[in-house]
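See structure below.
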Amino acid sequence: MINGLVTVVTTLALVTGVVTVLSTGAGRTAIRVVLDLLTAAGLLRLVGEPSWAGLAGSAAIVALRLMLGAALAAAPPWSRRQSRPPCAGDDHHLPLAVRGETGASGGTTT
């Protein structure tokens, strides 16, 4: 009975992951969903026949889930862009500051 339930949860985990990727395009979310459901399947396996092999398998799934979750939570290095500089091309007072002249208010900009 429990083994059949574990098989159903594992199959649903994979189907849910594929449906999540196809419907949202979010691969990270799909991996998290699959790992959460595989964790549930591993814990269900422990309910049926508790053994050291089942405990080791569940611990491996939980460790994998934690490591992948931490890796997926961090932004990839290529997406870390610097923000736009405060003095952009549309800053009209930049030439005054460079030349040390006064602006419309009469105050020095240097």
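The values are calculated or read from the model by the stated rules, or taken from the named source; none is laboratory data. The structure displayed is predicted, hence computed values, not measured ones. In this analysis, Cβ positions are derived from the backbone assuming ideal geometry, glycine residues included, and neighbour counts consider all displayed protein chains.
For the range 20-34, which residues satisfy the criterion of being part of a helix (DSSP H, G or I) and among the hydrophobic types (A, V, I, L, M, F, W, C)? It would help to see each step written out before you state the result.
Here is the first cut: in the range 20-34, the ones part of a helix (DSSP H, G or I) are 20-24, 27-34.
Within the range 20-34, Val21, Leu22, Ala30, Ile31, Val33, Val34 qualify.
Restricting to the range 14-39, count the residues that are under 18 Å from Met67 (Cβ atoms) and either without any contact (Cβ under 8 Å) to a residue 40 or more places away in the chain or not charged (D, E, K, R) (or both). Break it down stepwise before answering.
Initially, the range 14-39 is screened for residues under 18 Å from Met67 (Cβ atoms), giving 17, 27-39.
Retained after the next criterion (residues that are either without any contact (Cβ under 8 Å) to a residue 40 or more places away in the chain or not charged (D, E, K, R) (or both)): 17, 27, 29-31, 33-39.
The number of residues fulfilling the criteria is 12.
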Only listed residue being surrounded by 15 or more Cβ atoms within 10 Å (Cβ to Cβ), at pLDDT 70 or above and out of contact with any His (no Cβ under 8 Å at 6 or more places or on another chain), chosen from Leu64, Leu96, Leu43, Leu55: Leu43
Selection count, the range 11-38, where residues are buried (at least 18 other Cβ atoms within 10 Å of the Cβ) and under 21 Å from Gly57 (Cβ atoms): 8
Number of positions in the range 68-77 that are loosely packed, with under 11 Cβ neighbours inside 10 Å and assigned to a helix (DSSP H, G or I): 3
